[in-house]
There are 4 protein chains.
Amino acid sequence: MLNYVANQWKSDEESIINIKDVVPAMGQVAYEVVRTYNRLPFALKKHYTRLKNTLTFFSMVPSMDFEELAQFISEGIEKNSEKNADDFRIRIIQFPSESEGMCLLFEKLEMRTLKDIYELGVRVSLSPYLKPSGDIMPPSLKVYGSSWITLTKKLMADNYDLILLNEKGNVTEGTFTNIFIIKNEKLITPDIESGVLPGVTRENILCLARAMDIPIEERNVKSWELFTADELFLSHTSMGLVPIRKIEDKVLIEDFTDGLTRILLDNFEGFVMTRDENWEGIQ
Amino acid sequence: MLNYVANQWKSDEESIINIKDVVPAMGQVAYEVVRTYNRLPFALKKHYTRLKNTLTFFSMVPSMDFEELAQFISEGIEKNSEKNADDFRIRIIQFPSESEGMCLLFEKLEMRTLKDIYELGVRVSLSPYLKPSGDIMPPSLKVYGSSWITLTKKLMADNYDLILLNEKGNVTEGTFTNIFIIKNEKLITPDIESGVLPGVTRENILCLARAMDIPIEERNVKSWELFTADELFLSHTSMGLVPIRKIEDKVLIEDFTDGLTRILLDNFEGFVMTRDENWEGIQ
Amino acid sequence: MLNYVANQWKSDEESIINIKDVVPAMGQVAYEVVRTYNRLPFALKKHYTRLKNTLTFFSMVPSMDFEELAQFISEGIEKNSEKNADDFRIRIIQFPSESEGMCLLFEKLEMRTLKDIYELGVRVSLSPYLKPSGDIMPPSLKVYGSSWITLTKKLMADNYDLILLNEKGNVTEGTFTNIFIIKNEKLITPDIESGVLPGVTRENILCLARAMDIPIEERNVKSWELFTADELFLSHTSMGLVPIRKIEDKVLIEDFTDGLTRILLDNFEGFVMTRDENWEGIQ
Amino acid sequence: MLNYVANQWKSDEESIINIKDVVPAMGQVAYEVVRTYNRLPFALKKHYTRLKNTLTFFSMVPSMDFEELAQFISEGIEKNSEKNADDFRIRIIQFPSESEGMCLLFEKLEMRTLKDIYELGVRVSLSPYLKPSGDIMPPSLKVYGSSWITLTKKLMADNYDLILLNEKGNVTEGTFTNIFIIKNEKLITPDIESGVLPGVTRENILCLARAMDIPIEERNVKSWELFTADELFLSHTSMGLVPIRKIEDKVLIEDFTDGLTRILLDNFEGFVMTRDENWEGIQ
């Protein structure tokens, strides 16, 4: 796979950075993960905006403007398409040091067996580690190196993801997912101030629900509400919506052939593919 | 300067790591910073033990045992001594990926003008960012990438360091220092559970104070206690004790010719140089 | 019913106190509620000790010593037994003003229909109000006038009691009950520091469990653990153990004919009636 | 002194209530304290509104409407004026039981030696007890029996009042006062959500400052800001503004002959006496 590193296209093996440049600044390595649909980068403008926002906290700016980024991404997709997958997972990483600048790391988009996940749902559990709420840290900061994430990942076992609570015992998010509750025909999800990254997929789901007149509550969610939910699902970039069958050892639902999760799932791809905002700046 | 990187001695320019190995694991880059006194690494065993403890959280072990580390450090000091400084600041970094393993990065030990600092003291202020207490995160985890540190560093201005409070409004530590209060002839410092790294220099100071029969309180310290202190000082590896003259715009003390800070400062180097524990495993 | 008020035995109608004495000190009206079994006051010494402990916070002492209290309680039981119930619920109230002193208010012990409760269990829900944990307030303070209790009582509806969480989202207790979880053959209950009154019945249950070699965990309990429990029960002075059938709208268990709750319930009365500590100072 | 108790005018000695009515409902005894200026009740409408608001939490309503209350207050002032003080401190207490209803307790308005206080200022310290913030409890609830208040009052020593911090280490208020900071020509005071009763005097001071174009900050106030203030003052119903000379053992200011505190103090009585809102419904 070719990656854009230190201002050049390089193979995986050649994708190197200087340790003395990078190590002292490790707390401010801002990043985004973008996926492609049909070789087009999804919601690239939204990711770019979020990256820019994270960098603002560090008094930095992206080392490429949006048009340049879109250009390089498109170039990378083309270069990597021949011998590789049709669709990609692209990490956009902005280092603080000038010599590294903005790097684009390309990977094959790994799709888990869709049928299994979408029809049977996955298992999640709760992490014993806490994610600080917005009272303690700006929730929209997307950087590498949050220890609650790293520590939680070690405990993943046979869960699809683990959900972190904040210091008030309220639900935040998974290590790479956002979480949604269906209760009494309403769609409930923790608000940003609970300590939630404003995920691009999360935002698309809320927008879809609004378009379908499903009532939405973005608010503090107590941990026990996960156990009295009618349905639960996760969201993340690579997979969109992921239904949850089991939380801890509680079987939530036997199948996902009806219910709001199913309705949202069936409409999601069509919705995001045709929503103009998701393709802003991409021809 | 030569560094030990990916199992080889390399110049600064050649000290490179593969970005695709390192980036996904950035939250678990454990590290320690060791200084030398007269070309001998100070309290290396304590640092090694702390590194091992951090790695335990990630179910990892150091990729060198203590004797190997001591051997490589000693080799590095020798290699770098000819054309470089007499004393060094050495970062010991343990990457999760096998190919990088444990890296040793050597730098000249930068000493600020001692006379100024030790006689006039420095200025500190309070950070607007919060460090989570031990209720939220294991305080002894020493990893790169804590965003409260990175965000605070951006606001340093003319302060020697900024002190972070935790979510309860209690004092924790600076971005690279621990803080101590002298009040009514007692030595007061935040306890580990407040959200304090168990600093090696901190521990040496507490041990020195105990040896001198100075009463010690390790406990929750309210932020306002910094402003009603008789004296304040910082501690960190490179400098030992650093007296504080000003906190925010409050002048705390005019000179440091007497008081407990002066007494501890005058006895510190002699104490640490002769305390056996600090030289364990170093001939 | 006769009550001991302002140093005299008085009928309910005559049981009056001066409002100007009492109102300014309303935050320090310490109290205990004792029940009788067969006209003997249960665990009176324990209640007296706890009352004394609460008063210590206010730099007060009980206005009767234990022997006097036992004497007056016994006198009151005798006086009220003729025309009233066999068993009583007695409030011991210590006012800060000397003229009121320690008052003893007698009421008939209201027993709900035991069969229903013990065989079918009751419903509990979670209160939307928070009880401060031991980080904020001494948990062992038993005074009238905690607003979280008063506010919660207004929402009781068809619940037997409502359970309060603390500011960390952990379980504390009900408005008049303690709560216990059975999970994997272990007995789990929030520890005192979570913000739990050290209830006399709670202590008897833990002691019984210990005598029966049931493993016990007194610790932080996350709110969601109530929803993944195998069994749940409440405890309080008047009723001892009360099994829980439903938490919110989740049916926990269909019947209580076996399981640890049943075993504890069947052994409870025998245990407390014969445990010496519960009858200390009572002939 | 005559008081209105249980629907009758009664002497202090006759002002009695039934203990069995009152005790079980002690957590919901809402109250207000009103002072008179020239025998007219100050800001009675505001106090009535706040009382009503507290009662709403308990699903109660005041047992008198505002006109009745104003009528009874005026009657009480007249009855008590002959042999007593010219100005009064009146407690309005709403019991939950119908037989007690709303009680009006009259006391002589105790004025400390004004000259001393206004020219020399008073001493305050910080309470070791915490008042829960608005995250935990509705801050506007004014009831008897908050244990942090009772416990703090026991430690008053030679302080005019003790200031309570909340669980986040932020400043709330005193046991009977609100607190204000002057820093860089700005007036700073904790916001209601910090856990502050919306005091009537507090509101009048903010309104006066606004009228005088003094910049105002109502926000989270860290405890240490009390120690870096240019000036500090308290406010409460009986005395209006009270300058602070000493906080803990730190002398803040030597005299109050100039500065914003002086300016606000000199203008306060004139302002409140002529502000229409303060005399609404009083002829």
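Looking at region B:1-67, which chymotrypsin sites (Phe, Trp or Tyr not before Pro) are in a loop (DSSP not H, G, I, E or B) and have at most 12 other Cβ atoms within 10 Å?
Answer by residue number: there is no such site.
Mind jotting down the distance between the C-alpha centroids of region A:214-242 and region A:67-98, whole Å?
Here the two parts' Cα centres lie 31 Å apart.
Under a Cβ-only charge scheme (Lys and Arg +1, Asp and Glu -1), can you give me the dipole magnitude of the protein assembly as shown about the Cα centre, in debye to the nearest 20?
That gives a dipole near 0 debye.
With +1 on each Lys and Arg Cβ and -1 on each Asp and Glu Cβ, and nothing else charged, work out how big the dipole of region D:170-282 is about its Cα centre, in Debye to the nearest 20.
The calculated dipole for region D:170-282 is roughly 200 debye.
Which value, in debye to the nearest 20, gives the size of the charge dipole of region A:1-119 about its Cα centre, when Lys and Arg are +1 and Asp and Glu are -1 at the Cβ?
On the way: 15 positive and 19 negative charges, 76 e Å.
The dipole magnitude comes to about 360 debye.
Going toward the positive end of the dipole of chain D, with +1 on Lys and Arg Cβ and -1 on Asp and Glu Cβ, which of D:ILE282, D:ILE136, D:ASN38 do you reach last?
D:ILE136
Report relative contact order for chain D in percent, whole number only (criteria: Cα-Cα under 8 Å, sequence separation at least 6).
20
Taking the Cα centre of chain B as the origin and placing charges on Cβ (Lys, Arg +1; Asp, Glu -1), which of B:ASN204, B:ILE117, B:SER146 is farthest toward the positive end of the dipole?
B:SER146
Taking the Cβ of C:ALA157 as the centre, find all other residues whose Cβ is under 14 Å away and add up their charges (Lys, Arg: +1; Asp, Glu: -1).
Numbers: positive: C:ARG123, C:LYS153, C:LYS154, C:LYS246; negative: C:ASP158, C:ASP161, C:GLU248, C:ASP249.
Residues near C:ALA157 contribute 0 overall.
Could you tell me the ratio Rg/Rh of chain D? Both radii from Cα atoms, Rh via Kirkwood.
Working: Rg = 19.0 Å, Rh = 19.7 Å.
For chain D, the value is 0.96.
Restricting to DSSP H runs of at least four residues, report the calculated mean residue ellipticity at 222 nm for chain C, -39500 (n - 2.57) per run over all residues, nearest 500 deg cm²/dmol.
Numbers: 7 runs with 75 residues, N = 283.
The helix contribution divided over chain C gives -8000 deg cm²/dmol.
Nearest 0.05, what FRET efficiency do A:ASN53 and B:SER59 give at R0 = 25 Å with Cβ-Cβ as r?
0.15
For A:ASP161, list long-range residues whose amide hydrogen, built 1.01 Å from N in the peptide plane, is under 5 Å from its own amide hydrogen.
A:SER125
Can you list the lysines whose alpha carbon is less than 18 Å from that of D:LYS10, not counting same-chain residues fewer than 8 positions off?
Straight-line reach from D:LYS10, under 18 Å: C:LYS20, D:LYS79, D:LYS83, D:LYS108.
In a GNM of chain C with a 10 Å cut-off on Cα contacts, which of C:LEU165, C:LEU241, C:LEU120 has the highest mean-square fluctuation?
Judging by the Gaussian network model, the answer is C:LEU120.
Label region B:5-142 by shape, choosing from rounded, prolate and oblate, from the square roots a ≥ b ≥ c of the eigenvalues of the Cα gyration tensor; if a/c is under 1.5 it is rounded, and otherwise prolate applies when a/b is larger than b/c, oblate when it is not.
Here region B:5-142 falls in the oblate category.
Which trypsin sites (Lys or Arg not before Pro) in region D:196-277 pass both tests, a DSSP loop state and at most 16 other beta-carbon atoms within 10 Å?
Within region D:196-277, the qualifying trypsin sites (Lys or Arg not before Pro) (loop, at most 16 other Cβ atoms within 10 Å) are D:ARG275.
Taking the Cβ-Cβ separation of A:LYS183 and C:THR257 as r and a Förster radius of 45 Å, what is the calculated FRET efficiency to the nearest 0.05? Numbers along the way, then the final one.
Working: r = 32 Å, r/R0 = 0.72.
Efficiency at R0 = 45 Å is approximately 0.90.
Within 9 Å, Cβ to Cβ, of C:PRO132, how many net charges do the neighbouring residues add up to if Lys/Arg are +1 and Asp/Glu are -1?
-2
How long are the three semi-axes of the equivalent ellipsoid for the protein assembly as shown, computed from the Cα gyration tensor as the root of 5 times each eigenvalue, in whole Å, largest first?
56, 39, 32
Just to check, using Stokes-Einstein with a Kirkwood Rh over alpha carbon pairs, what's the diffusion coefficient of region B:137-283 at 25 °C and 0.890 mPa s in µm²/s?
Answer from the Stokes-Einstein relation: 154 µm²/s.
Viscosity 0.890 mPa s, temperature 25 °C: Stokes-Einstein D of region D:214-262 from its Kirkwood Cα radius, in µm² per second?
For the chosen part, D equals 202 µm²/s.
What trypsin sites (Lys or Arg not before Pro) in region A:57-134 are in a loop by DSSP, with at most 11 other Cβ atoms within 10 Å of the Cβ?
Passing sites in region A:57-134 are A:LYS83.
Over the Cα atoms of region A:112-199, each weighted equally, I'd like the Debye log10 I(q)/I(0) at q = 0.12, 0.25 Å⁻¹, rounded to two decimals.
Treating every Cα as an identical point scatterer, log10 I(q)/I(0) equals -0.38, -1.31.
What is the sum of charges, Lys and Arg at +1 and Asp and Glu at -1, for the other residues whose Cβ falls under 13 Å from the Cβ of C:GLY174? Walk me through the numbers before you get to the answer.
Details: positive: C:ARG123, C:LYS131, C:LYS153, C:ARG202; negative: C:ASP161, C:GLU173.
So the surrounding residues net to +2.
Quick note: the coordinates plus some simple rules give every number you see, no bench work behind them. Small disclaimer: the values here were computed from a predicted structure and weren't measured. Backbone-built Cβ (ideal geometry, glycine too); neighbour counts: all protein chains shown.
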